[in-house]
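Derivation of every value follows stated rules applied to the coordinates shown; laboratory data play no part. The model shown is predicted, which means the values in this text are computed figures rather than measured ones. Backbone-built Cβ (ideal geometry, glycine too); neighbour counts: all protein chains shown.
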Amino acid sequence: MISKGNKLYSILKIKCPQCHEGAFLERKVYDFSAFTKVRKSCPNCGLNYHVEPSFYYGSMYVAYALGVAIMVAMVILNFLLFEAFSFLRTFGMVVGAVITTAPLMNAIAKIIWANFFFHYKPKWKK
Ligand SMILES: [Zn+2]
């Protein structure tokens, strides 16, 4: 379906943006001992994930966009599931969705941010 070389592959699998094989995060997404901590470099191709200090602060813009997308999705879902609109129910759904998906959205935001700057190289060299 989505093969290596496509940025979606790196984003959805949370893999190295350069080789699409190495791990991007220290631990799994919902492992709270290292909350979406990005590795120093790719264990497969050696790409330095931290090109400058505070590099991933910019991923907050991506996380904000993802949060807005979740909010819009919850509002649409609320209109589809229930006949009468309720602000409190919609607000509860948005808060619940944002809290339960926060680690995943944080990780996705970071890998999207990394994919803005790093590009796939099928035959990488160390
Ligand atoms: Zn790599």
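Numbers below:
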read-out	value
Every pair of residues 6+ apart whose Cβ atoms lie under 7 Å, when the first sits in segment 18-31 and is touching a residue at least 24 places away in the same chain (Cβ under 8 Å) and within 17 Å of Gly5 (Cβ to Cβ) while the second is within 13 Å of the ligand (Cβ to nearest atom) and β-branched (Val, Ile, Thr)	Phe24/Ile14; Phe24/Val38; Phe24/Ile111
Qualifying positions in segment 1-42 - within 13 Å of the ligand (Cβ to nearest atom), in a loop (DSSP other than H, G, I, E, B) and under 18 Å from Lys123 (Cβ atoms)	Lys4, Cys16, Pro17, Gln18, Cys19, His20, Glu21, Gly22, Cys42
Criterion: loosely packed, with under 15 Cβ neighbours inside 10 Å, touching a residue at least 40 places away in the same chain (Cβ under 8 Å), of a type outside the set (S, T, N, Q) and within 24 Å of Lys28 (Cβ to Cβ) - qualifying residue of Leu66, Leu104	Leu104
Members of segment 1-38 found to be more than 23 Å from Ala102 (Cβ to Cβ) and of a type in the set (Phe, Trp, Tyr), listed by number	Tyr9
